[in-house]
Amino acid sequence: MKFIPTGVARLDHALAGVVHCLRDLGRAMQSRDAASARGWACLLVQKLGEHFSDEEKMMLESRWPQANLHAESHRRVLLQFERFERELEQRGVIFDLSYQALVHLPEILRVHVITSDFGFAKFVTGRARPPFSHVAAYPGDARRSLARIPPSSATKTPLH
Ligand SMILES: [Fe+2]
């Protein structure tokens, strides 16, 4: 996984450690070294949990308006990494888990950094204002968000 810095040293230092674990986990899976893979998976889950916890403290300290949504995303990501670690312990180095280690887990982390961490990094460094309250945080929130927009701003073009 290519490391993508957020521009916030505290986040990037921790993320670099997580990415290092992911790379070494991938190497252990490729060489079918189950003992090393288990060790790297354990360290990966620990480092990821610590990083998320520290990032959530930063979000609370800086009053990031989307802290709760971001923390929910952390929980979902961490669950997938923990599930991987459990399955590796039970099933060893098999194709499905190698695929997860080499493709799925790095992609989950990459997408989280791009879709969640970049926004927080811009906010905490003053490079962007917080998102407006009517902007949907999740696609499922769109209906509720639209309901808050006054009727005068609704489209008046008739549907054909
Ligand atoms: Fe995050």
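Here, each number is a calculation from the coordinates, and none is a lab measurement. Predicted model, so just to flag it, every value in this text is computed and none were measured. Cβ coordinates were reconstructed from backbone atoms using ideal geometry, including for glycine residues, and neighbour counts include every protein chain displayed.
For this structure, a couple of remarks:
- The slack in the chain from ARG110 to GLN46, taken as 0.36 nm per residue of separation less the alpha-carbon distance, amounts to 21.2 nm.
- Spatially proximal aspartates and glutamates relative to LYS2 (Cα-Cα < 16 Å; intrachain offsets below 8 disregarded): ASP12, ASP24, GLU107, ASP117
- Pairwise FRET efficiency - LYS2 versus SER31, Cβ, R0 = 30 Å, nearest 0.05: 0.90
- Across all C-alpha atoms in region 11-126, the radius of gyration and Dmax reach 14.8, 46 Å.
- Full extension of the chain between GLU61 and ALA9 gives 17.1 nm of extra length, using 0.36 nm per residue less the Cα-Cα distance.
- Fully extending the segment from SER53 to LEU78 would add 7.9 nm, taking 0.36 nm per residue of separation and subtracting the current Cα-Cα distance.
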